[in-house]
Amino acid sequence: MTEPAHTTVGELMHADPIVVAATARLADAARLLDEHQIHGLPVVDEDGSLVGVLSQTDLVRARATDQLWASWPGLQVRHLMTAPALTCRADTPVQEAIGLMELNRVHRLVVVDEEGRRPVGIFSTTDVVHQLVGATNA
(Lines give C-alpha, C1' and ligand atoms only; values in the text may rest on other atoms or scores of the structure.)
Protein backbone atom coordinates (compact mmCIF):
# COMPACT_ATOMS: atom_id res chain seq x y z
CA MET A 1 0.00 0.00 0.00
CA THR A 2 1.15 3.52 -0.74
CA GLU A 3 2.34 5.52 2.25
CA PRO A 4 -0.63 7.63 3.45
CA ALA A 5 1.42 10.85 3.31
CA HIS A 6 2.06 10.30 -0.42
CA THR A 7 -1.38 9.05 -1.40
CA THR A 8 -3.31 11.21 -3.83
CA VAL A 9 -7.04 11.83 -4.00
CA GLY A 10 -7.09 10.04 -7.36
CA GLU A 11 -6.02 6.79 -5.70
CA LEU A 12 -8.97 6.82 -3.30
CA MET A 13 -11.77 8.74 -4.99
CA HIS A 14 -14.87 7.33 -6.61
CA ALA A 15 -14.49 8.05 -10.33
CA ASP A 16 -17.28 8.95 -12.76
CA PRO A 17 -19.62 10.54 -10.22
CA ILE A 18 -23.36 10.60 -10.64
CA VAL A 19 -24.27 14.21 -11.35
CA VAL A 20 -27.50 16.18 -11.42
CA ALA A 21 -28.50 19.15 -13.55
CA ALA A 22 -28.98 22.48 -11.80
CA THR A 23 -32.45 22.64 -13.36
CA ALA A 24 -33.54 19.18 -12.17
CA ARG A 25 -36.43 18.92 -9.75
CA LEU A 26 -35.49 18.33 -6.12
CA ALA A 27 -37.58 15.17 -6.08
CA ASP A 28 -35.46 13.77 -8.92
CA ALA A 29 -32.25 14.62 -7.07
CA ALA A 30 -33.57 13.01 -3.88
CA ARG A 31 -34.42 9.89 -5.87
CA LEU A 32 -30.84 9.75 -7.26
CA LEU A 33 -29.38 10.04 -3.76
CA ASP A 34 -31.65 7.30 -2.48
CA GLU A 35 -31.32 4.90 -5.43
CA HIS A 36 -27.53 5.08 -5.49
CA GLN A 37 -27.15 5.24 -1.70
CA ILE A 38 -24.96 8.33 -1.88
CA HIS A 39 -24.91 11.45 0.26
CA GLY A 40 -24.12 14.18 -2.25
CA LEU A 41 -24.31 15.05 -5.93
CA PRO A 42 -22.18 17.36 -8.03
CA VAL A 43 -24.48 19.85 -9.77
CA VAL A 44 -23.70 20.71 -13.38
CA ASP A 45 -24.94 23.27 -15.88
CA GLU A 46 -26.10 22.50 -19.43
CA ASP A 47 -22.46 22.25 -20.58
CA GLY A 48 -21.52 19.73 -17.88
CA SER A 49 -19.50 22.25 -15.88
CA LEU A 50 -19.61 22.06 -12.11
CA VAL A 51 -21.76 24.77 -10.51
CA GLY A 52 -22.41 23.38 -7.01
CA VAL A 53 -23.16 20.40 -4.79
CA LEU A 54 -26.43 19.11 -3.42
CA SER A 55 -26.25 16.99 -0.27
CA GLN A 56 -28.69 15.05 1.85
CA THR A 57 -28.15 17.74 4.47
CA ASP A 58 -29.42 20.39 2.04
CA LEU A 59 -32.59 18.37 1.53
CA VAL A 60 -33.08 17.84 5.26
CA ARG A 61 -32.71 21.59 5.86
CA ALA A 62 -35.40 22.24 3.24
CA ARG A 63 -37.69 19.77 4.99
CA ALA A 64 -37.10 21.50 8.33
CA THR A 65 -37.99 24.94 6.92
CA ASP A 66 -41.74 25.36 6.48
CA GLN A 67 -41.47 27.94 3.69
CA LEU A 68 -39.05 25.80 1.68
CA TRP A 69 -41.04 22.63 2.28
CA ALA A 70 -44.23 24.32 1.07
CA SER A 71 -42.39 25.27 -2.14
CA TRP A 72 -40.86 21.80 -2.58
CA PRO A 73 -42.76 20.80 -5.77
CA GLY A 74 -41.56 23.90 -7.63
CA LEU A 75 -37.98 23.95 -6.39
CA GLN A 76 -35.06 22.98 -8.57
CA VAL A 77 -31.64 21.74 -7.48
CA ARG A 78 -30.15 25.20 -8.11
CA HIS A 79 -32.39 26.63 -5.37
CA LEU A 80 -30.83 24.48 -2.62
CA MET A 81 -27.36 23.56 -3.83
CA THR A 82 -24.24 24.82 -2.14
CA ALA A 83 -22.21 26.97 -4.50
CA PRO A 84 -19.47 27.16 -5.32
CA ALA A 85 -18.53 23.55 -4.75
CA LEU A 86 -15.32 22.77 -2.91
CA THR A 87 -13.00 21.03 -5.31
CA CYS A 88 -9.63 19.40 -5.68
CA ARG A 89 -7.82 17.56 -8.45
CA ALA A 90 -6.90 13.89 -8.64
CA ASP A 91 -3.23 14.73 -8.00
CA THR A 92 -4.04 16.56 -4.75
CA PRO A 93 -2.36 14.88 -1.75
CA VAL A 94 -4.89 13.20 0.54
CA GLN A 95 -3.60 15.14 3.57
CA GLU A 96 -4.29 18.42 1.78
CA ALA A 97 -7.81 17.30 0.80
CA ILE A 98 -8.56 16.17 4.36
CA GLY A 99 -7.41 19.56 5.64
CA LEU A 100 -9.71 21.34 3.18
CA MET A 101 -12.68 19.22 4.24
CA GLU A 102 -11.94 19.79 7.92
CA LEU A 103 -11.45 23.54 7.49
CA ASN A 104 -14.75 23.88 5.64
CA ARG A 105 -16.61 21.29 7.70
CA VAL A 106 -17.74 19.29 4.68
CA HIS A 107 -17.85 15.56 4.03
CA ARG A 108 -16.88 15.53 0.36
CA LEU A 109 -14.90 17.31 -2.31
CA VAL A 110 -15.68 17.19 -6.00
CA VAL A 111 -12.63 16.09 -7.94
CA VAL A 112 -12.42 18.11 -11.14
CA ASP A 113 -10.54 17.76 -14.43
CA GLU A 114 -7.34 19.64 -15.26
CA GLU A 115 -9.32 22.71 -16.31
CA GLY A 116 -11.22 22.69 -13.02
CA ARG A 117 -14.59 22.60 -14.76
CA ARG A 118 -15.97 19.07 -15.04
CA PRO A 119 -16.43 16.61 -12.19
CA VAL A 120 -14.39 13.42 -12.60
CA GLY A 121 -14.77 11.99 -9.10
CA ILE A 122 -15.85 12.38 -5.51
CA PHE A 123 -13.48 12.24 -2.54
CA SER A 124 -15.30 11.80 0.76
CA THR A 125 -14.74 11.11 4.41
CA THR A 126 -15.81 7.53 3.66
CA ASP A 127 -12.78 7.20 1.37
CA VAL A 128 -10.55 8.37 4.22
CA VAL A 129 -12.06 5.82 6.60
CA HIS A 130 -11.55 3.03 4.02
CA GLN A 131 -7.90 4.08 3.73
CA LEU A 132 -7.50 4.04 7.52
CA VAL A 133 -9.02 0.57 7.79
CA GLY A 134 -6.78 -0.69 4.98
CA ALA A 135 -3.68 0.76 6.65
CA THR A 136 -4.47 -0.90 9.97
CA ASN A 137 -5.14 -4.28 8.30
CA ALA A 138 -1.94 -4.23 6.21
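The values are calculated or read from the model by the stated rules, or taken from the named source; none is laboratory data. Bear in mind the structure is a predicted one, so any value in this text is a computation, not a measurement. All Cβ positions, glycine included, derive from the backbone under ideal geometry; neighbour counts span all protein chains shown.
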| request: Starting from residues that are over 12 Å from the mean Cα position of the chain (by Cα) and closer than 15 Å to residue 122 by Cα, keep the ones in segment 50-94 and report whichever is surrounded by the fewest Cβ atoms within 10 Å (Cβ to Cβ). | output: 91
| Across segment 50-83, which residue is farthest from residue 117 (Cα to Cα) among those that are touching a strand residue (DSSP E or B) at 6+ places or on another chain (Cβ under 9 Å) and in a loop (DSSP other than H, G, I, E, B)? | 75
| request: Within segment 110-129, track down each residue that is hydroxyl-bearing (Ser, Thr, Tyr), under 18 Å from residue 82 (Cβ atoms) and surrounded by fewer than 17 Cβ atoms within 10 Å (Cβ to Cβ). | output: 125
| query | Out of all the residues in segment 1-28, which are under 13 Å from residue 77 (Cβ atoms), at pLDDT below 95 and out of contact with any His (no Cβ under 8 Å at 6 or more places or on another chain)? | reply | 25, 27, 28
| request: From 73, 42, 84, grab the single residue that is closer than 30 Å to residue 134 by Cβ and either modelled with pLDDT under 95 or out of contact with any Asp or Glu (no Cβ under 7 Å at 6 or more places or on another chain) (or both). | output: 42
